[in-house]
Each structure stands twice: as C-alpha cells, then as structure tokens.
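All of the numbers you see were taken from the coordinates with simple rules; none came from a lab. Only a predicted model underlies this, so the values are computations on that prediction, with no experimental measurement involved. Neighbour counts are summed over all protein chains in view; Cβ atoms, including those assigned to glycine, are modelled from backbone coordinates with ideal geometry.
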Amino acid sequence: MASSTDIVQYIVDQCSGAGRIDAKKMMGDYCIYCDGILFGLICDNNLFIKPTDAGRAVLKDVIMRSPYPGAKEHFFIDDLDDNDYLAQLIKVTLPNLPAPKPKKKKQTP
C-alpha cells in the first residue's frame, strides 16, 4: 500500500521545525530529507527514521521495524502529532548520518 499525499504532507509539516523538509517519491513511497540529508522513509503512511545512538536516546519508545520487506530496521515513529519531539529527534539524528554524495556531472559524448 502506498502512502497518501495528505499523510506525507502532514509528516513534512510536523517535521519542519528541524529544517527544510522534503519528501521525494520513490517506488510508491517516500524518502524524507532534512536540509538535503536523507533521514528516513515514509512507507504505508508510517514514518521510519534511520537508527542512531543519539536518536535512540531521544525516543519516547524504541520500536524497530522494517519499512518494507527486506529493508534494514528503522525507528518506527508512532507519535506524529508532537512536532517539537519530531524536530528534536531529527536534529540529533542528522549529525550522525553521512552527508549526501555529490551529484556526478553528465558527460557529453
């Protein structure tokens, strides 16, 4: 089941206290970014955040689930209504994630 655009927009809005939030559609669901850094996924109308030790320390409840079959487990976020909590979680997670890889320039023949 794909995520609804209304839920995706709600999650983006709720996370916006952390920085510039973007959601990009990928294979029916969404990758979610803060200031250009991929920090999680929105799959089947659920938010999953990449696990870090700093994020684990902030989580109210540590629930690990795979966002889709065969994926590594992520933090499953069941409280989408507390925007301050989400912003704090994202802010402590970002420094522990790799920076985005620079895009390769297209070579002309």
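Figures for the structure shown
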{"quantity": "Label-to-label distance, nm, for residues given as Ala99 and Arg20 (7 Å Cα→Cβ offset)", "calculated": "1.6"}
{"quantity": "Computed magnitude of the charge dipole of the chain (debye, nearest 20; Cβ of K, R +1, Cβ of D, E -1)", "calculated": "980"}
{"quantity": "Sequence of Met27, Met64 once ranked by neighbouring C-beta atoms within 10 Å, starting from the fewest", "calculated": "Met27, Met64"}
{"quantity": "Using alpha-carbon coordinates, inclination of helix 5-15 to the longest axis of the chain, degrees", "calculated": "70"}
{"quantity": "Ranking of Asp29, Asp6 by count of other Cβ atoms within 10 Å, fewest first", "calculated": "Asp6, Asp29"}
{"quantity": "Using θ = phi - 60° and Karplus 6.51 cos²θ - 1.76 cosθ + 1.60, couplings along region 46-51 (whole Hz; Gly, Pro as x)", "calculated": "10, 9, 10, 10, 4, x"}
{"quantity": "Ranked list, fewest to most other Cβ atoms within 10 Å of each Cβ, for Phe48, Phe76", "calculated": "Phe76, Phe48"}
{"quantity": "Under-5 Å amide H pairs with Asn45, H placed in peptide plane, nonlocal only", "calculated": "Ser3, Ser4"}
{"quantity": "Tilt relative to the chain, helix 83-93 - C-alpha long axis, 0 to 90 degrees, to 10", "calculated": "60"}
{"quantity": "Residue (of Pro51, Gly17, Ala87) at the positive-pole extreme of the chain, dipole from beta-carbon charges", "calculated": "Pro51"}
{"quantity": "Among Leu41, Leu94, Leu80: highest mean-square fluctuation, GNM of the chain, C-alpha pairs under 10 Å", "calculated": "Leu80"}
{"quantity": "222 nm mean residue ellipticity, helices alone, for the chain (DSSP H n ≥ 4; -39,500 (n - 2.57); rounded to 500)", "calculated": "-7500 deg cm²/dmol"}
